[in-house]
Amino acid sequence: MMGGVLMLFRRDEMSVDALIDSIQTWAGLTEFVIGAVCLLVGWWLSRQAFRRWFLHHPDRFERFLPYAGLRLVLPLTSELLLLFSAVVWVVVLQHRPHVLLAFAAMLLWMAIIRMLTAIVREALPRSRFERHTENFISTVLWLAFVTWAIQLDDFVLDWMESISFRIGKVQLDLSMILSALLWVSVIMFAALWISRAVEKRLMRLTELDLNLRIVFSKLARTGLMIAAVLIALPIVGIDLTVLSVFGGALGVGLGFGLQKIASSYVSGFIILLDRSIRIGDRLMVGDRVGYVTKITSRFVVLKGTDGTEALIPNDTMIANTVINQSYSDKIMWSSVKVDVAYDTDLELALRLVEQAARHPRVQAEPGPRGFVTQFGASGITLEVGFWVLDPENGFLGLKSDIHMAIWRLFREQGVTMPFPQMEVAVKSLPAEKAP
């Protein structure tokens, strides 16, 4: 359909002067009103599609096909209405429309732009940079279309070719540089888009270990990026033999300043392949404890219980001692201490603290175990230990529940919890020694 539509468009009919001359006639003004009505209908249909399928399902914005489909509702529906109106116009009036086809050309270009920006959005990470890039590409493409439509492209090309300079034996101009950047950007974005699609497909293979899925996705991304560079360089006229020079410079850079980056990159693959660290593991690195939420090519994201996230370089995880508290089993040991008075029945108190520690989050077998740990100045210290089934949910709430259960059981059974006391004795001096 696009090929047939393009054959209907004539560039000389979309120039500014031609459109102004057409709108000044009754036929051109009628075409303008019909085009505006088609745009409003397309906009109304796009709003209805948003309310029905996206308003209460914002997660669909994160999927490529639903997002691209929503973006294409306005231009495609308006385009179909405009082409239908143009056909009716020709059949009824036996006259070729100008304004309607100009509207159709703009809407066709809008559909192409929105499809390209949806691909860019899918290729790049979900961030402000991605949104800004999408808007920037849309603006550049619209400017290119307007420049072509008003017949300024020849002037712009001549101006860019006039800005030239020489690098060694190669003569370059601004047109060649922008063309090279365009081709490289298109190929790189295509490689990123394919790598994201491969990554999503791999992550759905639940029968494959998570670390292996991450490794394969990173290898696929790296391979696609290298292939994109090898494809882009010959297209823009750069000989691949320059890669030998680049390889030598990269080797020198790795030897002097990039060895830490290379070490972290290689260490990341080692961590993923030997499966020593996985997503969800509880680690202690230095004085920081947290859960692994992400493993990248350069660092491991360690999220603490307070919500803060530490970016630990991969080579640190390899070179230093890392305590993986959930390497073979995520269940962790914890304990609660409490003091009782010296006249307390210790056997009863131990049974009570063990009973208080029976909690849905505590492992039933082996169950909680109470111990006498210290004879202090004010009382006897008891400690009850237990295995926590879900340490990823934190310990503060669990220990609070156990402390409250101990408090209630001690009050019911009359067990006293001592508190520090101090007695001050004041003695009077003998009369003969009084001043």
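The values are calculated or read from the model by the stated rules, or taken from the named source; none is laboratory data. As the structure is a computational prediction, the values presented were derived from the model and not from experiment. Ideal geometry is used to build each Cβ from the backbone, glycine not excepted, and the neighbour counts take in all protein chains shown. Only protein heavy atoms, including side chains, enter the accessible area calculation; ligands, DNA and RNA are left aside. Shrake-Rupley method; radii C 1.70, N 1.55, O 1.52, S 1.80 Å.
Condition (residue is modelled with pLDDT of 75 or more, crowded, with 16+ Cβ neighbours inside 10 Å, of a type in the set (Val, Ile, Thr) and under 30 Å from Ile277 (Cα atoms)) applied to region 173-188: is it met by at least one residue? No - not one qualifying residue is present in region 173-188.
Looking at this structure, is Leu240 open to solvent by 40 Å² or more (accessible area, probe 1.4 Å), modelled with pLDDT of 70 or more and outside any helix (DSSP H, G or I)? So Leu240 fails the test.
Selection within region 333-371: residues that are open to solvent by 30 Å² or more (accessible area, probe 1.4 Å) and assigned to a strand (DSSP E or B). The member of this set that is nearest to Phe410 (Cα to Cα) is Asp339. State yes or no: is Gly35 more than 35 Å from the chain's Cα centre (by Cα) and at pLDDT below 85? Here the answer is no, as Gly35 does not meet what is asked.
Looking only at residues of region 372-403 that are in a strand (DSSP E or B) and aromatic (Phe, Trp, Tyr), we find that the one that is nearest to Gln325 (Cα to Cα) is Trp387. Mind checking whether some residue in region 81-98 is part of a helix (DSSP H, G or I) and within 30 Å of Arg196 (Cβ to Cβ)? Checked against the condition, which is being part of a helix (DSSP H, G or I) and within 30 Å of Arg196 (Cβ to Cβ), region 81-98 yields no hits at all.
If only residues of region 387-400 that are modelled with pLDDT under 90 and among the small types (Gly, Ala, Ser) are counted, the one that is nearest to the chain's Cα centre (by Cα) is Gly394. So in region 113-169, with the set limited to residues that are hydroxyl-bearing (Ser, Thr, Tyr) and modelled with pLDDT under 70, which one is farthest from Leu181 (Cα to Cα)? Within region 113-169, the match that is farthest from Leu181 (Cα to Cα) is Ser127.
Assessment of region 288-298 against the conditions (of a type in the set (A, V, I, L, M) and in contact (Cβ under 8 Å) with a residue 60 or more places away in the chain) yields at least one matching residue.
Put simply, of Leu219, Leu212, Leu202 the only residue that is assigned to a helix (DSSP H, G or I), under 30 Å from Gly280 (Cβ atoms), at pLDDT 75 or above and open to solvent by less than 50 Å² (accessible area, probe 1.4 Å) is Leu202. For region 278-301, the set of residues classified as assigned to a loop (DSSP other than H, G, I, E, B) and open to solvent by 50 Å² or more (accessible area, probe 1.4 Å) consists of Arg278, Ile279, Gly286, Asp287, Arg298, listed by residue number.
Of all residues in region 303-316, those satisfying the criterion of being part of a strand (DSSP E or B) and more than 16 Å from the chain's Cα centre (by Cα) are Ala310, Ile312, Pro313.
Going through region 311-332 one residue at a time, which ones are surrounded by fewer than 16 Cβ atoms within 10 Å (Cβ to Cβ) and more than 30 Å from Arg358 (Cβ to Cβ)? Leu311, Ala319, Asn320, Thr321, listed by residue number.
Selection of first residues in region 33-48 that are closer than 17 Å to Pro97 by Cα and of second residues that are open to solvent by 60 Å² or more (accessible area, probe 1.4 Å), restricted to Cβ pairs under 6 Å at least 6 apart or on distinct chains, gives the following pairs, ordered by first then second residue: Cys38/Leu81.
To keep it simple, each residue is scored yes or no on (1) modelled with pLDDT of 90 or more; (2) more than 27 Å from Pro420 (Cα to Cα).
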residue	(1), (2)
Asp343	no, no
Ala349	yes, no
Gln355	yes, no
Glu365	no, yes
Thr373	yes, no
Gly385	yes, no
Ile402	yes, no
Trp407	yes, no
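Taking residues in region 321-332 that are aliphatic (A, V, I, L, M), and partners anywhere that are open to solvent by 80 Å² or more (accessible area, probe 1.4 Å) and not in a loop (DSSP other than H, G, I, E, B), the pairs with Cβ atoms closer than 6 Å and at least 6 places apart or on different chains are Ile331/Trp387.
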